[in-house]
Amino acid sequence: MPSGRTHDRLTWIVMPVVGFGVGALTADWGWGAIVSSSFGVGGFLLSPDLDTPSLPYYRWGMLRGIWHPYQKLFHHRSFWTHGPILGTLIRLGYLGLWLGLGGSLLGLGIYATGHWATVLPMVQSLLTKTIAQDWRPLGAIALGLELSALLHVSSDTLVSGWRRWRR
């Protein structure tokens with residue numbers, strides 16, 4: 001299995017290749033930038049290795065504690081963390097639970113302070129605009145996140161196989 005630094009190097013090397021590739025395929029460099037950026041986020045912050053005390057885990061700084069239950073739930077390199085598509089969906093869903101909890105606490109605080117009547121129209125307006133938006137950027141973000149996870153898992157598999165073959 002490659003070290004965390006090796007995974008980081010691979011992410012730095014492949015990230016611009018992915019961006020240029022998507023930009024060239026779509027003839028729109030904006031799409032390349034979105035996919036490349038989400039590839040970096042996937043490689044450096046939302047790595048399959050969040051199931052261990054790894055470099056991506058420590059990059060969360062004071063918020064890294066949110067990944068403790070995740071580490072207890074899943075074994076390292078299990079299908080649930082390193083599986084194609086499913087691993088990325090589980091990490092995003094898990095992070096979404098924390099964001100939902102934070103949003104709920106924020107909403108509760110707004111309600112408790114009596115500012116609900118002021119905030120509610122802004123939230124409704126934001127939701128209306130969001131629903132009417134073009135959802136293709138979410139697909140580009142998902143593509144970048146999944147490509148970074150696939151790079152991670154394939155490098156784990158190749159290096160582990162190579163080391164077994166050398167013995």
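Dividing the summed -39500 (n - 2.57) terms of all DSSP H runs of n ≥ 4 by the residue count of the chain sets its mean residue ellipticity at 222 nm at -25500 deg cm²/dmol. For the residues 149, 27, 117, a GNM of the chain with alpha-carbon springs under 10 Å puts the largest fluctuation on 117. As a calculated quantity, the FRET efficiency between residue 59 and residue 132 at R0 = 35 Å, using C-beta atoms, amounts to about 0.50. Here the label points at residue 159 and residue 68, each 7 Å from Cα along the C-beta direction, are separated by 2.8 nm in the simple model. Annotation: extensible slack from residue 97 through residue 119 equals 5.7 nm (criterion: 0.36 nm per residue apart, minus Cα-Cα distance). Comparing 125, 36, 148 in a Gaussian network model of the chain, where Cα atoms under 10 Å apart are tied by springs, the biggest mean-square fluctuation is seen for 125. Quick one: Cα centre-to-centre distance for the range 84-138 and the range 1-79, in angstrom? So the separation of the two Cα centres works out to 23 Å. On the beta carbon distance between residue 80 and residue 29, with R0 = 30 Å, the FRET formula returns roughly 0.25. Give the residues of the range 42-60 whose amide nitrogen is closer than 20 Å to a point set 7 Å from the Cα of residue 13 in the direction of its Cβ. Only 42-45, 47-49, 55-56 pass the distance filter.
Across 109, 43, 30, mean-square fluctuation computed from a Gaussian network of the chain (C-alpha pairs under 10 Å connected) peaks at 109. Loop-resident chymotrypsin sites (Phe, Trp or Tyr not before Pro) (DSSP state other than H, G, I, E or B) in the range 90-144 with no more than 16 further Cβ atoms inside 10 Å of their Cβ: 135.
Taken together, the values in this text are just the output of simple stated rules run on the coordinates, not laboratory data. These numbers come from a predicted model, not from an experiment. Every residue, glycine as well, gets a Cβ built from its backbone with ideal geometry; the counts of neighbours run over all protein chains shown.
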